[in-house]
Structure formats: structure tokens, C-alpha cells
Amino acid sequence: MRRQPAAMLGSRWSRRDLLRLGGLTAAAGMAGHGLTGCNSGSGGGDDVELQFMYWGSSFEQKAVNAMLEQFEGKHAGASAKPLYTPQEYDTKVNTLVASNRAPDVAYMLAPMAYRLGEQGKLVNLFPYLDKHPELADRLPGTYFWYGKDKSFGTQTANEVALLWYNKPVFDEAGVEHPPAEAASAWSWDDLVETAYKLTYDQEGRRPDETGFDPKQVRQFGVSASVQFVQTWECLLRSNGVDVVDEAGTKCLLDTPEALEVLQNLQDLMYEHRVAPTPVQLGNNAPTTAVQLKTKRIAMVFDGQWILLDMAQSDVDFGIGVLPSYQEPKTTSMGSPSVIFTSTKHLDEAVELYLFHNDPENVDLYKNGLWMPLERKYYTDPDAIASWIDNDVHPPEYKTAVVDYTLNHATTAFNQRLKNMDNINEVLTPALQRVEGGKEPVKDTMASVVPKIDGLLQGWNPTQEL
């Protein structure tokens, strides 16, 4: 997850940028397909032509296209055409919708999906829950509701925030590895103490030793971006507070509990000097996999999806649970997939919807990019083994990720909060100021919280199944 400016439509977005907006992966352009939807045909005869619009890396493109080919092979007379869109995704969705050429099934950013759902442009999948157990038994936090018995679907895939680390770096320093079970999670002080032991300047001096040169750091103990909300949202909840109150009308980032978390993150960089500042990272910071491999950083707060990159690198990595304040917490996050009401082949579109994020049809689960949605993949031993029993997922994955998700994950606030586009325009610059370290966190939050309060419109609904 790279540090790019948030939500710049003309550029390639990082997975972190999309999550900041309530999305899941890197967004994208029509890439050779043009602005042609599949709904302009007559739909007559036995031929069924569907179009599937999505974003992602080249690896994700390959996997999704293979899934679509597999769908065609199992559905005689049906075609599922990819509309791969690696840039300006929401702009091009708006263009297709305005010209009545929307795709049948598509990835979507949450704010846009809520808007389109309320406009009646997305299929309400609630009536299909009784017909399809695999749709009805997904983790509660993965559903998107926009009214009573109204859901435009679930996340494309699930993700959580974790602590990643280089095992040899810990072993060489004689430092205990991060805990892989929530019950044994570090305290914040444990994290800071460990980070001190793993931070060295060019002469091998630690931050608490005389002569340490903070401008010539060879290895940082930890990295935790303040700009990426999901690296600290879970810490807030661990400390007994949320970003916004239960009514969705009051921002809580100026409460003592929130200020403690945000100040602790800032202190990693400017007081303890065990984490890189934005200046030290640079504008084009390497990926987490590269940072760990080169021993530039010993451990990093990042999302589960980087397992794909980590597994393809030759770094000996490990996964731990995040540090805890009052109770262990991680954040569950993901953008939705949707079906447009303009589809001429609703039954087949629903079949494609169910097919596209089934771990039996997509290798992105076994390869580490995605986590499943259905509860059985977190509770049934055989189902769990079907996606994590391989060389990609390390031995501690069961406790550090699967159990952690099932028992300690809370849904990302920007997946449910209304008016997130406008809120992000205020929140993102404030987080950049916190990460820049030029003013106390308390002062930053005192100025930004009233502005966020003025934009709050409540939460989108939830519903028990």
C-alpha cells in the first residue's frame, strides 16, 4: 500500500488510496475495451452476453479473466466479457450509466454504490438470500445495506489489517517475534520497546543510545502510515472509541482515547524515531515487500492483500496481530461488487455474481490477494484448509488472520458512513498534517473535527440475517 495522494482520478490509484475512499483495490480505465456496455444487444435467442467491469493489478486482471472464461465454460451459450478498467474507474462508470450502457456486474466504490443503489440502478440482492445459501451466510460485516431488506451486495472479497515483519531481522537481533494470536497481542509499549531494538543508524546505534543519527537511519523498527485510516482505526476501537459516534453525527477524533492513538503514531516518527517520516520514505516509497526484503523496515502495519506480493518475494516474512490497548481489534474492509438493474439477463448476472468471488473459481484466495466472504471459510476446518493450506500462507496464518478476522474484526467505518467523499476531502489533509509532525495532534484534531461534524449525515443501515 503506497503513499499516493488520495483519490486522484487522472492517475493510477494504490490499494491504500481506494481503501481511504471506502474501496478495496487499485482503480482503473477502459484499457482497450472502450465505453461499450453489453446491454445494447437484443438479448434474443439462447445467447447471453454479460459484461464484467473491474479494476486491479495485472495479476488480478489475469485471474479475473480466467474466472470469466471458466464461467463461460460452465454456462453453455453465455459469454462474460471483461471490461478491465485500471484508471478513472468512477468517471467511466458514471459515463456508462449516463449513456444507458452500464455493465451487468461490476466492482464498485462504496460511496458510488450507495448513491446508485438509492437511485434504483443496482439490483437489490436481498430476495436472493433465501435462494442462495452461499450469499446468505457471508460474514455480517461484508454486506452493504441501504434500507430495510435492501442490499446491493457484499464485498468483492474480505481484507483485514495486520502486522508484517522480517523474521531474520528479529532473529539476528535476538528479539521475540510479534504474537500470532489475539490473546497474546502486544501492548503499545511492547511495540515501541521492540521497535527501539530493531532501529539502527548507519553506525549501528539505536535511538536510545548516545550519538544516534536520525538523519542516517539504516533500519527502522516499524512503519505505520497515519494517512491510511485502517492502520489506526482498529487501534481506536481497541482503545474503546470509534471514528464517529453511534448516531453518525459527531466525530470522535478529538476524544482522549483517539488522541492517545494518533499521538502515539506520530511519536513513533518524531519522538521515538523508530518509524520513517514521510520525508524519509520519499514520494515513491517501495512496496512493503521491498521494504522488508531490503531490511529498510523490520515490521509494517499493512493489509492482508500484500500476501500476494510477499509470497512472490524471497523474504522470510511473518504475520502478527496488531498491538492492543484495551482489547484486540483489527479492521475488516472491502469494496462491493454489484449488479446493474439495466441488465437484460438478470438470472445469469446473479449466477456470475455468485461465481466471481467463489474461492473454488478464483485463485486470488489461494494466491494471497483475497480473503473469502462465507463464514464456513473461517469456521469449517476443511473449508479453511481449501484456501490456506499451501505454500503461500505461512503456518501462523490460521491464528493471525483467520481466527483474528472471525473473532476480532470490526467493519471499516468508511464502508458504512454516509457522505464519505466529502468527509475524505477534509480528513485526508488533516492526517497528512499529523504525519508531517509540524503541529501537535490535539491541535490538528481541534481544527478538523468541527468541519467533519458539519459533513456527517449518519450511518448507512445494517441488518441481521
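The values are calculated or read from the model by the stated rules, or taken from the named source; none is laboratory data. Note that the coordinates shown come from a computational prediction; the quantities given were computed from them, not determined experimentally. Methodologically, a virtual Cβ is constructed for each residue, glycine included, from the backbone with ideal geometry; neighbour enumeration extends over all protein chains shown.
Close contacts from the range 398-411, counting a first residue that is within 15 Å of residue 376 (Cβ to Cβ) and a second that is aromatic (Phe, Trp, Tyr) and buried (at least 19 other Cβ atoms within 10 Å of the Cβ), with Cβ to Cβ under 6 Å and a gap of 6+ residues or different chains, come to 402/378; 406/378.
Residue-wise test of (1) outside the structural domain of residue 216 (by TED's automatic domain parsing); (2) of a type in the set (A, V, I, L, M); (3) under 28 Å from residue 58 (Cα atoms); (4) surrounded by 20 or more Cβ atoms within 10 Å (Cβ to Cβ).
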| site | (1), (2), (3), (4) |
| --- | --- |
| 261 | no, yes, no, yes |
| 269 | no, yes, no, yes |
| 286 | no, no, yes, no |
| 299 | no, yes, yes, yes |
| 302 | no, no, yes, yes |
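Quick check: anything in the range 354-364 in contact with a Cys (Cβ under 7 Å, 6 or more places away or on another chain), part of a loop (DSSP other than H, G, I, E, B) and closer than 30 Å to residue 180 by Cα? Within the range 354-364, not a single residue is in contact with a Cys (Cβ under 7 Å, 6 or more places away or on another chain), part of a loop (DSSP other than H, G, I, E, B) and closer than 30 Å to residue 180 by Cα. Considering only the range 318-341, I want to know if a residue exists there that is at pLDDT 95 or above, under 14 Å from residue 51 (Cβ atoms), in contact with an Asp or Glu (Cβ under 9 Å, 6 or more places away or on another chain) and outside any strand (DSSP E or B). Within the range 318-341 (the criterion being at pLDDT 95 or above, under 14 Å from residue 51 (Cβ atoms), in contact with an Asp or Glu (Cβ under 9 Å, 6 or more places away or on another chain) and outside any strand (DSSP E or B)), the answer is no, since none of the residues qualifies. Inspect all residues belonging to the range 55-74 and state whether any of them is part of a loop (DSSP other than H, G, I, E, B), surrounded by 22 or more Cβ atoms within 10 Å (Cβ to Cβ) and either modelled with pLDDT of 95 or more or not assigned by TED's automatic domain parsing to the domain that holds residue 308 (or both). Yes, the range 55-74 contains a residue that is part of a loop (DSSP other than H, G, I, E, B), surrounded by 22 or more Cβ atoms within 10 Å (Cβ to Cβ) and either modelled with pLDDT of 95 or more or not assigned by TED's automatic domain parsing to the domain that holds residue 308 (or both).
Are any residues in the range 264-317 assigned to a helix (DSSP H, G or I), over 19 Å from the mean Cα position of the chain (by Cα) and closer than 27 Å to residue 394 by Cα, and if so, which ones? So that I can check it myself, show each step before the final result.
First pass over the range 264-317, keeping only residues assigned to a helix (DSSP H, G or I): 264-270, 278-281, 288-293, 304-312.
Adding the requirement that they be over 19 Å from the mean Cα position of the chain (by Cα) leaves 264-270, 278-281, 290-293, 312.
Once the filter is applied, which keeps residues that are assigned to a helix (DSSP H, G or I), over 19 Å from the mean Cα position of the chain (by Cα) and closer than 27 Å to residue 394 by Cα, the range 264-317 yields 290, 291, 292, 293, 312.
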